[in-house]
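Throughout, read-outs are computed from the coordinates displayed, never taken from laboratory work. The model shown is predicted, which means the values in this text are computed figures rather than measured ones. Cβ placement follows ideal geometry from the backbone for every residue including glycine, while neighbour counts extend to all protein chains displayed.
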Amino acid sequence: MTAVYLKTSLLALLCMLSGFLHAQQDTIPPVKDSLAVNPVETGIASYYAKKFNGRKTTSGERFRNDSLTAAHKTLPLGTYVKVTNLKNDSVVIVKINDRLPKKSRRSIDLSQKAALRLNFMKAGLTKVSIEVLNSEFKK
């Protein structure tokens, strides 16, 4: 009975440490269902080319491919959105800080860090759903 208790305790401790270490890697907290609003749209996502690194975005911020940001046609600048890759169910939260051209066929253009988290860097494009997060969501 003691061996079973020790194994269970060790497993619980490892799970807690794993969660703690994972939480330390992300600067943006996980999405709670209560923070998500209805999907804004479903469409195609792409990611910024390296040449845009350091350029000013529409919001005035400098674009950084190592940040979790995106460009969208119409969402207000500063809006946080949850982007889900519909091909593999991976999720990332990004801040809208730039604009896509009105005639763009893409729904959202993501930083390379966001594209890595959605696992579509090699493909270049992927089908996504975009959900606006409530104003309760803060960084």
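Name the residues in segment 78-122 that are within 17 Å of LYS51 (Cα to Cα) and either touching a Gly at 6+ places or on another chain (Cβ under 6 Å) or among the basic types (Lys, Arg) (or both), would you? Hits for segment 78-122 are ARG99, LYS113.
Just to verify a result, which residue in segment 122-133, among those that are surrounded by 13 or more Cβ atoms within 10 Å (Cβ to Cβ) and of a type outside the set (Lys, Arg), is farthest from LYS87 (Cα to Cα)?
Step one: filter segment 122-133 for residues surrounded by 13 or more Cβ atoms within 10 Å (Cβ to Cβ), giving 125-133.
Right, trim to of a type outside the set (Lys, Arg) and you get 125-126, 128-133.
Working: LEU125: 11, THR126: 7, VAL128: 8, SER129: 10, ILE130: 14, GLU131: 16, VAL132: 20, LEU133: 22 Å.
Result: LEU133.
The set of residues in segment 52-82 that are touching a residue at least 24 places away in the same chain (Cβ under 8 Å), out of contact with any Phe, Trp or Tyr (no Cβ under 6 Å at 6 or more places or on another chain) and either of a type in the set (Phe, Trp, Tyr) or within 17 Å of ARG106 (Cα to Cα) (or both) comprises THR69, ALA70, ALA71, HIS72, LYS73, LEU75, VAL81, LYS82. Scanning segment 101-121 for residues that are more than 17 Å from the chain's Cα centre (by Cα) and surrounded by 20 or more Cβ atoms within 10 Å (Cβ to Cβ) gives no hits. Remark: VAL83 falls outside the filter, which requires a residue to be closer than 19 Å to GLY43 by Cβ, crowded, with 19+ Cβ neighbours inside 10 Å and touching a Ser or Thr at 6+ places or on another chain (Cβ under 7 Å).
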